[in-house]
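Read through the structure below, which is laid out as structure tokens, and then see the notes.
The values are calculated or read from the model by the stated rules, or taken from the named source; none is laboratory data. Keep in mind that what you see is a predicted model, and the values were worked out from it rather than measured. Here Cβ is always computed from backbone atoms with ideal geometry, including for glycine, and neighbour counts include all displayed protein chains.
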Amino acid sequence: MAAHNDLGHKGEEMAAEFLQQKGYCILDRNWANKGRKELDIVAIKDDIVVFVEVKTRKLGSVTTPISAVDDRKQRRICLAADSYLKCHHIALHYRFDIIGIVYNGEASRIDHYEDAFKVRPRFYR
């Protein structure tokens, strides 16, 4: 496995543990449907389904984790979330969060951006 995949996997593990400590129930991890649409973490808290995109960067990286979730990535997440909700027949409120991790071993920093972006109509054109 490539080093960046190892880092991404480590970040997703950290994010899932972080969410559970905050009272979230993890429903799915690395859920994918047939169209290259993937969701890193699907969780629920207070009857709200939360689709969580996890981005991990090493300390000193040129880009920040949050900057990696651009409009194109948001569109893919929204489409995947729509598929997830339909596939599982879920009719609850939902939101999109981003967890950004700057990895530095024991001194890693986790930033949780709740309700980080909204579904915009142009996503479905």
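Give segment 17-40 a look and list any residue that's closer than 19 Å to Asp6 by Cβ and touching a residue at least 12 places away in the same chain (Cβ under 8 Å), or say none. Even if it seems obvious, please write down each step before you answer.
Residues of segment 17-40 that are closer than 19 Å to Asp6 by Cβ, as a first pass: 17-18, 29-30, 38, 40.
Answer for segment 17-40, where residues must be closer than 19 Å to Asp6 by Cβ and touching a residue at least 12 places away in the same chain (Cβ under 8 Å): Phe18, Arg29, Asn30, Glu38, Asp40.
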Restricting attention to segment 111-125, and to residues there that are among the basic types (Lys, Arg) and assigned to a loop (DSSP other than H, G, I, E, B), which single residue is surrounded by the fewest Cβ atoms within 10 Å (Cβ to Cβ)? Arg125
Run down Ala43, Ala107, Ala116 and say which single residue is under 24 Å from Asp6 (Cβ atoms), at pLDDT 90 or above and of a type in the set (Gly, Ala, Ser). Ala43
